[in-house]
1. Which of the three applies to the range 145-208, rounded, prolate or oblate, going by the alpha-carbon gyration tensor with a ≥ b ≥ c and a/c under 1.5 meaning rounded?
2. Over the range 11-252, what relative contact order in percent results from Cα pairs under 8 Å that are six or more residues apart?
3. Percent of alpha carbon pairs in the range 68-189 separated by more than 17 Å?
4. Sketch the reach of a paramagnetic label on residue 54 as a point 7 Å from Cα along Cα-to-Cβ, and name the residues of the range 177-196 whose backbone nitrogen lies under 18 Å away.
5. May I ask for the angle, rounded to the nearest 10°, between helix 124-139 and the longest principal axis of the chain, with both axes built from Cα atoms and the value confined to 0 to 90°?
6. Only helical DSSP H runs with n ≥ 4 go in: add -39500 (n - 2.57) per run for the chain, normalise by residue count and round the 222 nm mean residue ellipticity to 500 deg cm²/dmol.
7. Describe numerically, in nm with one decimal, the distance between label points set 7 Å from Cα along Cα→Cβ at residue 103 and at residue 178.
8. Over the range 27-69, one equal point on each Cα, no solvent: what is log10 I(q)/I(0) by the Debye formula at q = 0.18, 0.30 Å⁻¹?
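None of the figures in this text is laboratory data; all of them are computed from the coordinates on show. Note that the structure is predicted; figures quoted are calculated from it, not measured. Please note: Cβ atoms are built from the backbone with ideal geometry, for glycine as well, and neighbour counts cover all protein chains shown.
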C-alpha cells in the first residue's frame, strides 16, 4: 500500500452513498486506500452502479462496491452487513449517512408522517449500528453518524425532522458509553448548510432560488455554504485520526451557531403608544 494513505486496507460501509455528503465520503475513503461498500435505495441503483464503475477506473488505491439497500427495511440492512463480511472478512467503520430533510408544521403533520421521518433518519441508524457492532467490536472499529445543525439549534417548520436528528446525537452518546468497553468509538457530525443536490432541490422550490441561497449563505460567519467534501474530511478524521474521540458531536457550522442573530422579522412601522399619541409625543401618568 502506498505511503501516506490515511485509511489503507480498512473496510467501510457508507449508507446513502450516491450523492451529497455520502458520495463525497465514499470518494474520500477510496482515495485514502479503504474498501468502501456503499448503498442507496433501489430507485437510484443505476446511479450507484455508475459511481462504482467510475471509482473502479479512477486509479485510486482503494476499492468501491455498490449494493442496493433500503435502510427503512431491517432485512436489507442485515443483508448489507452480511454481504460486506462475506466479501471482505471484516468491518472497520460504519458511516450512517442515509436520511432526508422534511419540512412540516405541527398543524399539518400526522403521526404517520412523524414515524416515517423517524424510520428513515433514526431507526435506520439504530439497526445498522446493531447489526454492524458484533464485527466492529472485533476490529475495535468505529461508527460515525451524520446528524444536523438543527439537532442543536432547531429550525422553522421542522417539527418531525429536528427530533429525528436530535435523537441521532443522543443515540451516539448512549452508544459511545455502552461500546467503550469493547474499544469501539461512536461519534456524530452535525453539518450546517452544505451545498448538496438535495439543498439545490430545496432552493428551487422558491420563486427566487438565488435569493434563498444568499439568505442561507448569510447564516454563516464565513459567508458561504459548506461543501460535501469538507464534511467528508471530517468523517475521515474521526475514522482515521480521532482515536481519542468518542461520544463527540462534531459541529461543522461555518460559525452559524456563534453570536446573536435575527429571530423575527423586523417591523419597520412605528409602534403607537398606549395613549394613541403619534410618534414623538409623550404623556405623563
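1. Note, shape of the range 145-208 comes out prolate.
2. On the way: 444 pairs, mean separation 49.5, N = 242.
Dividing the mean separation by the residue count of the range 11-252 yields 20 percent.
3. 57
4. The answer is 195-196, whose backbone nitrogens lie closer than 18 Å to the label point.
5. On a 0 to 90 degree scale, this one is about 40.
6. On the way: 10 runs with 111 residues, N = 285.
After summing the helix terms and dividing by the residues of the chain, the value is -12000 deg cm²/dmol.
7. Label-label distance for residue 103 and residue 178, simple model: 3.5 nm.
8. -0.45, -0.99
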